[in-house]
1. Taking the options Thr21, Thr62, name whichever one is free of Cβ contacts under 8 Å to residues at least 12 places away in the same chain, out of contact with any strand residue (DSSP E or B) (no Cβ under 7 Å at 6 or more places or on another chain) and under 30 Å from Glu661 (Cα atoms).
2. Could you please find all residues in region 379-418 being β-branched (Val, Ile, Thr) and part of a helix (DSSP H, G or I)?
3. Condition first: under 12 Å from Arg352 (Cα atoms) and touching a residue at least 60 places away in the same chain (Cβ under 8 Å). Now tell me which residues in region 395-432 satisfy that.
4. Report yes if some residue within region 565-578 is assigned to a loop (DSSP other than H, G, I, E, B) and either more than 22 Å from Trp701 (Cβ to Cβ) or of a type in the set (A, V, I, L, M, F, W, C) (or both); otherwise report no.
5. Could you check region 724-751 and list, in sequence order, the residues that are in contact with a helix residue (DSSP H, G or I) (Cβ under 9 Å, 6 or more places away or on another chain), exposed (fewer than 14 other Cβ atoms within 10 Å of the Cβ) and at negative phi?
6. So if I check each of Ala10, Ala89, Ala36, which one is under 19 Å from Pro104 (Cα atoms) and in contact with a strand residue (DSSP E or B) (Cβ under 9 Å, 6 or more places away or on another chain)?
7. Please specify each residue of region 620-661 satisfying the condition of being acidic (Asp, Glu) and touching a Pro at 6+ places or on another chain (Cβ under 7 Å).
Amino acid sequence: MQQYGYFDDAAASYVVTTPQTPRPWINYLGNRRLRAFVSHNAGGLLWHMEPYSRRITRYHYTAAPGDRPGFYLYVRDRRTGTVWNPHFAPSCTALDSFACRHRPGVTEFVASKDGVEVRFTLGIPPTDDVLLWQVSVRNTGTFTADIQLVNFMEFGLLEFMREALGWCYLKNQFELRYDPELGAIRYNYHVFEAPFSPAMLIGCSEQLSGWECSREAFIGKSGSYESPSALRPGAELSNSDLPLGGHACAVQGVNVRLAPGAEKALGFTFALADKWPQAEALIRKYQSATAVAAGIAAIDAFWRERLQATTVATGDAVVDRMVNIWIPYNCMVALDLARTISTDHMGTDGLRYRDTTQDAMAVANLDPAFALQRMRQVFASQTPDGGGCFAFFPDDPRAIRDTPQRCDNTVWQIYTIHNLIAETGDMSLLEEQLPYRDGSQGSVYEHILKGLVYIYERRGPTGLPTLYHADWNDSLALFGDEHAESVMLGMQMVYSCKLFLDVARRCQRSADVAWCERVIAELTTILNSDKVWDGRWYRRLLFSNGKVLGSAANRQGRIYLNPQSWAVLSGVGDFENRGRMAMQAAAEMLDSDAGLRILMPPFKGIPEPEDPPLGSNPGIGENGGIFSHANTWAIMAECLLGNGDRAWKYFRQILPQVVSERFGADHYEREPYVFVSSIIGPVSDRFGEGGISWLTGTANWMHIAMLQYILGIHPTLDRLEIKPCLPQSVTAARVKRTYRGKTYQIDLQHRNGQQSHTCRETA
């Protein structure tokens, strides 16, 4: 058992056993329409489609204490006067027992206090836009239990920024009332000019003992989330409505008396729809405890089926649980949300063009339909000349955001589409007509080609692609040289053109074949010239003033990780075995106990140490931190070089459980079951502290790195190709893989340095 919990692999769960973790450890609930995140203390946020203009509840990002409010269940013991939460916070009353189980799509709390055990489960079923609160209460004591169960949600005004700026006006443009006929609270939202005015209801399976629609009535003038005035001794729920607006909440009380050994089940349901009859139908559908339980069971069944498509057994329990459960789950959440909202992201961004494209790459193997849906949205935001954008907003009325310009936006598209076709075998996808941003249309094939040509035609004097604001490394924008040339993007163009060449040949596009071959040859020559090759590794940028970044001659930023790994991935480093030399330099100069640093030495001033500091402090993020996403490409590169031991080391050492246990959960802080974007590097006294969790491309590339490179089960346009690169420590591995409607059992062996495999179709 770890300090704050443990993995329950049989139940696909992480169990938090101590309620006061270093930070909120969260889970995501949702069906890609109605979504929420919820912490191990039931703090969280609910939204519909996107959280900028459809944010249903409130979450306070910078207030103290943090992680407030959320989806609360208060237990009021009428015999003792004690008020507690099965999720510990916000009352923070000491509990006799506590457990929070995060599993795909569901979070469950089980806690006890003074002979009363409460099981409280939250989830959003696949087919209906409802948030379900499944509750069961059991009397484990010797006295008759006399308790009141009270739920709590605090509503916002949907439009996050408008509420922040215009609360004093907008608060008058909605109402909340209890509907006795339906047995539910109605949230009638009619804010002027709102882009979305849904019908919202919250009901209960039981007869209510009281309710509140006013936060003031529930919390009170001297109360708090920790100690609501309405739950203090002698107080009762006042049945307040909010006919003229104000601070809105939904509170529903249910009185429960239980003899010793007795148990009772009930449920609360929040429902959202475009019109009232639809919302009312959802409330009626889930108006019984049995129906609520069935809705939670449907979520579990959905994820169980999704995660069984590919299973892996390597003999390493830490690796297997991540590969089988948490990496694919993390992949799906990341594609669903891009970098939109979490306990760190405030929900003001849309879907980022290149992040969404990369996130769809691994999901193409897990859920091809979802990956294709996202790619259609990506292509629809592309300009007719092939350019990408920074972010787009498919579910709210904001205009596409073009700045800051990232020069690499459209290089990623072929990676995902090639992998998608390899997974499905559907070459006709290339001919599907999709709109550009201006409404004109082009095939998927044309979208991809225009994107590559767009990058190629914007090259600098050396012949490499121009940086604009930045490439994949956002922090390169700090140098302020939009005319610099990107070595990494040049290598990515070579790799992209090789993939597109495969497609163009099959489509018999001879002119495009010739173009790809010319670009590959031309860029490969430039990338191996003395302007780029530094003697032991590849440089990072060629500045417009003639200086370079990523050279032994530099005092800061002497070596960058990404050009070394992409030299191998693209094949550019095949020249004179330079890729192997470069990856050896990366191993010697960038590796640490928690992963490969993105660069060394970190910057103290930009561009020179004596200049004023800009950006992150040394060792943090892209300034010499361990950027998890970049580690994935190094894993893949080492596999291509045949270095199974090093690839496995790189893969395993950035797994969240491994880092958390190595540095201690209090220091690492983040969830031990999902990836972080970065880890603070060893030049800092905060070495080993985790960065933003969940919403990172690391998850998707780690899935690719393990399945397609370490295990070597690589889908191509024709078939599954199997070429493992196992470490010496893994002598055998077994993989079950569903591919194009058939299921295969693949056994991998590693004996005396020789790797082999067998593959058979199962029934």
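The values are calculated or read from the model by the stated rules, or taken from the named source; none is laboratory data. On a predicted model such as this, the values are computed, not experimentally measured, just so you know. Quick reminder, even Gly has a Cβ in these numbers, built from the backbone with ideal geometry, and neighbours come from all protein chains shown.
1. Criteria check complete, one pass: Thr62.
2. Of everything in region 379-418, those that are β-branched (Val, Ile, Thr) and part of a helix (DSSP H, G or I) turn out to be Thr410, Val411, Ile414, Thr416, Ile417.
3. Thr403, Pro404, Gln405, Arg406, listed by residue number.
4. no
5. Hit for region 724-751 is Gln728, nothing else.
6. From the options Ala10, Ala89, Ala36, the qualifying one is Ala36.
7. The one that is acidic (Asp, Glu) and touching a Pro at 6+ places or on another chain (Cβ under 7 Å): Asp645.
Let's see how each residue does on (1) polar (S, T, N, Q); (2) in contact with a strand residue (DSSP E or B) (Cβ under 7 Å, 6 or more places away or on another chain):
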{"site": "Ser551", "(1), (2)": "yes, no"}
{"site": "Pro563", "(1), (2)": "no, yes"}
{"site": "Leu569", "(1), (2)": "no, no"}
{"site": "Val572", "(1), (2)": "no, no"}
{"site": "Phe575", "(1), (2)": "no, no"}
{"site": "Gly579", "(1), (2)": "no, no"}
{"site": "Arg597", "(1), (2)": "no, yes"}
